[in-house]
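Single-structure report; data block below.
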Amino acid sequence: MGQPTPVMSSDQARTTKMRRGVLFASSLGNFVEWFDFTLYGYTASVIALTFFPPGNKTAALLGTFAVYGVAFIARPLGAVVFGRIGDRRGRRSSLSLSIILMGAATAVMGILPGWSSAGVLAPVLLLGCRLVQGFSAGGEYTGALTFTVEHAPDNRRALYMGLVGSSTMLGAVGATGVALVFRSAFGDRFAVDGWRWMFVLAGVVALVGLVVRLRVDESPVFEEMRERAAKVPARPFRELVRGHWRTLLVLFVYFAVLGLLTHMFLGYLPTYLSEAIGMPAGTVLALTTAANLVSLPVALTLCVLADRHGRRIQIRLGAIAAVVLIVPAYLLIATGGLAAVVTALLAFVFAVSLLQMGALSVLELYPTSVRFSGMALPYNLAYAVFGGTAPLVSELLVDGTGALIAPAIYASVVALIALPVLLKGIPETKGTSLRA
């Protein structure tokens with residue numbers, strides 16, 4: 001006879017249910033953030049026509065990407081504010097505030113007046129919404145990972161992180177899917193007002209995310225620290241900078257490479273494929289959606305391996321991939337062949353998926369008292385400098401040099417400079433305790 005199936009106690013069942021709820025709540029907010037940001041990238045051409053003066057398509061597109069990049073300037077401020085809230089008041093409080101701000105700013109973007117009716121006020125209002133988005137994003141992704149990993153079983157932290165991290169790609173997939181549906185449904189009117197409803201829809205999803213987040217428990221690791229009142233820092237940001245500055249520098253370098261590759265992939269490649277090599281918009285959306293879908297099983301498989309064998313090997317492989325794969329990927333894209341473009345997109349997926357494991361090592365490096373801030377600050381500073389500017393710098397390089405390969409050379413040089421830090425600066429953190 002076979003062994004009887006173990007029966008969970010009521011406490012175990014409640015813990016399992018709560019962990020699933022935390023995964024869903026964290027993933028939904030992260031989904032909204034990346035849905036919003038990816039929508040902007042996929043509708044860049046339409047936004048340029050709507051909010052900037054007509055007559056100079058290149059200038060309008062550069063203005064659109066400049067607004068995309070400027071929003072990232074607000075992210076470090078958001079990291080400080082939401083990090084302070086998360087480390088002093090709780091992870092759930094910070095995440096609830098960030099998701100509602102993100103959703104509200106995105107919904108308002110859908111109803112803003114364009115250049116034809118508001119003139120120069122139109123891009124100013126667009127910039128205001130993007131700054132609010134950037135500010136709220138300063139606490140969203142890093143907070144969601146912190147909250148989830150602190151709920152996770154010790155031997156499954158990488159998988160839990162991967163499930164939340166996958167919601168970034170799901171957000172991108174959702175954005176491309178919605179864009180395809182709305183382009184088909186609205187036809188020629190998509191560029192007039194059809195695109196606006198996508199942004200309003202994102203605001204509704206954010207409201208649902210807020211409700212879900214308010215229904216889950218605070219992180220048990222944070223609650224344990226709060227019970228030891230003396231351990232809660234009055235000024236977590238000051239403690240972080242004074243006590244962990246070397247770690248902050250290493251992580252800034254790591255996130256610089258990850259942010260640059262991620263936003264070249266999500267924020268610039270769709271426009272590059274359509275504007276630089278003339279690929280139809282529908283084909284671009286279909287290909288990038290497929291690439292994002294492929295990234296999900298790849299990333300989750302790597303997370304399972306990280307729980308078993310450690311995180312460091314994947315970070316090192318990702319760093320090497322960032323140096324050696326990006327230029328060949330752009331050379332393949334420049335051929336314009338469908339098979340070549342697919343291969344190039346898969347190269348991006350591979351490099352980014354490997355590098356993402358470093359985010360877990362970030363969380364496991366810090367004590368609970370500064371974990372939220374310690375993740376948020378270097379992440380958002382690096383994304384402000386390298387991630388948010390990736391589409392603008394890429395467009396400027398192509399426009400200024402006439403070389404389609406220029407953005408790839410830029411990314412490869414940054415990755416090469418960072419390579420020694422990524423190979424040696426991030427230690428193995430598998431098996432470390434979060435209760436500190």
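The values are calculated or read from the model by the stated rules, or taken from the named source; none is laboratory data. Treat the numbers as computed from the prediction; the structure is a model and nothing was measured. A quick note on method: Cβ atoms are made from the backbone with ideal geometry, for glycine too, and the neighbour counts reach across all protein chains shown. What goes into the accessible areas is simple: the full protein's heavy atoms, side chains included, and nothing from ligands, DNA or RNA. Shrake-Rupley method; radii C 1.70, N 1.55, O 1.52, S 1.80 Å.
Would you calculate the separation in nanometres between label points at S433 and T401, each defined as 7 Å from the Cα along the Cα-to-beta-carbon direction?
Each label point is offset 7 Å from its Cα along the Cβ direction, giving 5.1 nm.
Between R215 and R156, what length in nm is gained on full extension when 0.36 nm per residue of separation is reduced by their alpha carbon distance?
18.9 nm
Order R14, R130 by their accessible area, 1.4 angstrom probe, all chains in place, largest first.
Correct descending sequence by accessible area is R14, R130.
First measure r as the distance between the Cβ atoms of L121 and R238, then evaluate 1/(1 + (r/R0)^6) with R0 = 51 Å and state the FRET efficiency to the nearest 0.05.
In this case the efficiency is close to 0.80.
Using only the Cα atoms of segment 101-254, what semi-axes does the equivalent ellipsoid have when each is the square root of 5 times a gyration tensor eigenvalue? Give whole Å, largest first.
For segment 101-254, the ellipsoid semi-axes come out as 37, 20, 15 Å.
Please check: in the Gaussian network model of the chain (C-alpha springs, under 10 Å), which one of A185, A376, A286 has the largest mean-square fluctuation.
A185
Please find, in a Gaussian network model of the chain (springs between Cα atoms separated by less than 10 Å), the residue of L416, L338, L131 whose mean-square fluctuation is greatest.
Ranking L416, L338, L131 by mean-square fluctuation puts L338 first.
What is the sum of charges, Lys and Arg at +1 and Asp and Glu at -1, for the other residues whose Cβ falls under 12 Å from the Cβ of G174?
Taking every other residue near G174 into account, the sum is -2.
Once neighbouring chains are kept in place and the probe is 1.4 Å, which whole percent of the accessible area of the chain is contributed by carbon and sulfur?
Its accessible area is 67 percent carbon and sulfur atoms.
Could you tell me the center-to-center distance, by alpha carbons, between segment 278-332 and segment 26-90 in angstrom?
Spelled out, the Cα-based centre of one part sits 23 Å from the other.
Taking only protein heavy atoms into account and a 1.4 Å probe, give the accessible area per residue of the chain in Å².
With the other protein chains kept in place, the chain gives 39 Å² per residue.
Can you give the accessible area of L112, probe radius 1.4 Å, in Å² rounded to 10?
10 Å²
Which of P54, P328, P367 moves the most in a Gaussian network model of the chain with Cα springs under 10 Å?
Highest fluctuation of the listed residues: P54.
List the aspartates and glutamates whose Cα lies under 18 Å from the Cα of K57, skipping any in the same chain that are fewer than 8 positions away.
In chain and number order, the partners are E275, E395, D399.
Assuming R0 = 35 Å, can you tell me the calculated FRET efficiency for the pair A339 and L305, based on Cβ-Cβ distance, to the nearest 0.05?
After rounding to 0.05, the efficiency reads 0.75.
Compare E150, E428 by solvent-accessible area with a 1.4 Å probe and give them largest first, with all protein chains kept in place.
Result of the area sort, largest leading: E428, E150.
For R92, R308, what's the largest-to-smallest order of accessible area, 1.4 Å probe?
R308, R92
What accessible surface, in Å², does a 1.4 Å probe find on K57, ignoring ligands, DNA and RNA and rounding to the nearest 10?
130 Å²
By how many degrees, 0 to 90 and rounded to 10, does the Cα axis of helix 74-88 deviate from the longest principal axis of the chain?
20 degrees
What distance in nm separates the two pseudo spin-label positions at W197 and I277, each 7 Å out from Cα along the beta-carbon direction?
Label at W197, label at I277, 3.3 nm between them.
Taking a quarter of the surface of the Cα convex hull of the chain, what do you get in nm²?
If I average the Cα hull's projected area over directions, I get 22.4 nm².
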